[in-house]
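Q: If you scroll down you'll find the structure; I have some questions about it.
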Amino acid sequence: MSKQREAKQSRKSFTAFRGAFKYEFHMQLRRPVLWIVLLLSELLMLGLMSRLVTLHDLLLSLRLTPPMLTVVIWTNSINYLLPAALGILIADRLPRDKRTGVQELLTTLPGSQTARLFGKFLGSTLATLLPIFLFYCLGIAVILFLSRSLLVLPLALATFATIVLPGVLFVGACATALPTLIWPPLYQFLFLGYWFWGNLYVPRNIPTISTTILTPVGGYMSSGFFGYTLFPIAYASVFTGCMSLLLLLTLSILIILALGSYQNWQLQKL
Amino acid sequence: MLHTSHKSLRYDIHALGWIVLAAPIMLLSGFLLFAVLLLIMGIDPTRFFVAGLEMFLPIAMGIIVSTTCTRDAALEIQLTFPRTFAATAMRRALLTLGWSALLALGATLILILLRPDIQPQQMQSLPLLLALVGDQLLWLAPLLWFTALGMFITLLTHSRTAGGALLSTIWLLEMLFIKNLLPHNPWLRPLFLFPTTLEPTISDWLSTRSEILGMALLLFILSWLLLRNREHILKGIHHE
């Protein structure tokens, strides 16, 4: 009897997760602002990159550099700026639910609140990642065309999954949870400051955490698994790469679990 | 008349929220505390504090203004008033900017008087009073540029998030790439937003500041035109 109840409960939780995921994924994808912001960010990034090297030099270096290294450099370039825009684009999801009263309405439905939060987090994060992934694929197509090596394809998937995805999930979890606690514009500013100081800042005089394994920009995975990174890390091995990846994924799950507990606690207070 | 102005100011502060006025104080206090920490660690914190005024205050206020410029619980009623919402929104933006400008002015004056060597080279040859006035462009130009651009993007896209996200991308690009691009791309000089921190020996500091101020003015005019279009503002209310 108890087992049956547990199975029913887990089915309800899974339904809540699936429903929230599908809704958030589609809703986020249909937001014109998502495409406008990411497209403009990508164009700005490409525009500046094209001023750093001429097209001729770029094509020459693409032909001469080993395809694996080119793929790793391209994946690192993607992780420089775009996850920062992704973090800001997700930050308004839960405050919006609160503003429109949807959050209150959802609490009356069966199914776990935390499962719904996981659905919301994954749905909005993966939908926001889609324009970035398409842009990434465009770069990979150019590398594939110039290198004529089919090895580029599995390698590109592996670098994206290990360098970009864990960091993006961490950023998505923070962007889903933290704006419920602090004023969203303040969160946006603090997140931007963190992205620069905690990921991209090359250690000089000011203390920084950009060389620790808690760097969603993925320097440890990039250097540890593929032997190269553009980010300021001192030394990385396969072990530190795994540690960084696991830390980011674990923290992402813990952040959403903590948010679920916080929301349940708030409900009990009412 | 004075009573009405006082009430209007109180309502504006209420509509913006106290946190909007508290934000620049928190930011500059945070930078001051970190600067003290650096001093204890034996690191000269001057350049760090200049970065706070030139780089971090403008982006923070840009994000805040882009979020709050059309935020008003009674916006639909406001749009029916004979006084245009454009005037109200601009007044609120100026209130936010004026407050942070006051704090930045005080901080810059203290900083320059304590460490005159951190002034841009072009200012060092000027008489003290004129140099102190000119030095304020250090934070004023990027502050106006970021707020004007944030406001314009928000109004154009009907999205407060778009303003914050695009400003953040531009800010990161400026921090990371612009300095290396300038030697081979001189046409980018008018977009060099943080020369005092990134390239203190720059020779055309004043001219780049005035170009940035000019762009900010143009963006404010465009925002004003968008704000005057009541239908456009009304459409944006339920957009996000």
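Q: Output the pairs from A:K8/A:K120; A:K98/B:K235; A:K269/B:K235 with a Cα-Cα distance over 29 Å in this structure; if there are none, say none.
A: Flagged as over cut-off: A:K269/B:K235.
Q: With n ≥ 4 as the cut-off for DSSP H runs, can you work out [θ] at 222 nm for chain A, using -39500 (n - 2.57) per run divided by the number of residues, rounded to the nearest 500?
A: -25500 deg cm²/dmol
Q: Measuring from the lowest to the highest alpha carbon on each principal axis, how far does chain A reach, largest first, in angstroms?
A: So the extents along the principal axes, rounded to whole Å, are 65, 44, 39.
Q: Then there is this: Specify the inter-centroid distance of the stretch A:52-101 and the stretch B:118-160, based on alpha-carbon positions, in whole Å.
A: 29
Q: Could you give the distance between the Cα centres of the stretch A:181-213 and the stretch B:202-235, to the whole Å?
A: 29
Q: Take peptide B:51-60, look around each residue's Cβ out to 10 angstrom, count Cβ atoms belonging to other protein chains, and average those counts.
A: Counting Cβ atoms of other protein chains within 10 Å of each residue's Cβ and averaging gives 2.
Q: Let me ask something else. Report the relative contact order of chain B, percent, no decimals, based on alpha-carbon pairs under 8 angstrom and at least 6 residues apart.
A: So the answer I get is 26 percent.
Q: A further question follows. I'd like to compare A:225-237, B:165-177: which one has the highest average count of other Cβ atoms within 10 Å, and what's the full order after that?
A: Per-residue Cβ counts within 10 Å, averaged per peptide and sorted highest first, yield B:165-177, A:225-237.
Q: At 1.4 Å probe size, what's the solvent-accessible area of A:Y194? Round to the nearest 10 Å².
A: 50
Q: What average count of beta carbons from other chains do you get within 10 Å of the Cβ of residues in A:29-38?
A: 5
Q: Please list A:256-263, B:134-141 highest first by mean number of surrounding beta-carbon atoms within 10 Å per residue.
A: With the highest mean Cβ count within 10 Å placed first, the list reads B:134-141, A:256-263.
Q: To the nearest 10 degrees, how steeply does helix A:165-177 sit against the main Cα axis of chain A, on a 0 to 90 scale?
A: 40
Q: Roughly to the nearest percent, how much of the accessible area of chain A is carbon and sulfur, given a 1.4 Å probe?
A: The C+S portion of the solvent-accessible surface of chain A is 71 percent.
Q: Which order do A:C174, A:C242 take by accessible area at a 1.4 Å probe, largest first?
A: A:C242, A:C174
Q: Can you list the residues, at least 5 places off or on another chain, whose amide H is less than 5 Å from the amide H of A:T229, using H built in the peptide plane?
A: none
Q: May I pose another question? Let me know the mean shielding of B:62-72 by other chains, meaning the per-residue number of their Cβ atoms within 10 Å of its Cβ.
A: Taking all residues of B:62-72 together, the mean is 2.
The values are calculated or read from the model by the stated rules, or taken from the named source; none is laboratory data. Bear in mind the structure is a predicted one, so any value in this text is a computation, not a measurement. Cβ atoms come from the backbone with ideal geometry, glycine included; neighbour counts cover every protein chain shown. Quick note on the areas: whole protein, heavy atoms, side chains included, nothing else; ligands and nucleic acids left out. Shrake-Rupley method; radii C 1.70, N 1.55, O 1.52, S 1.80 Å.
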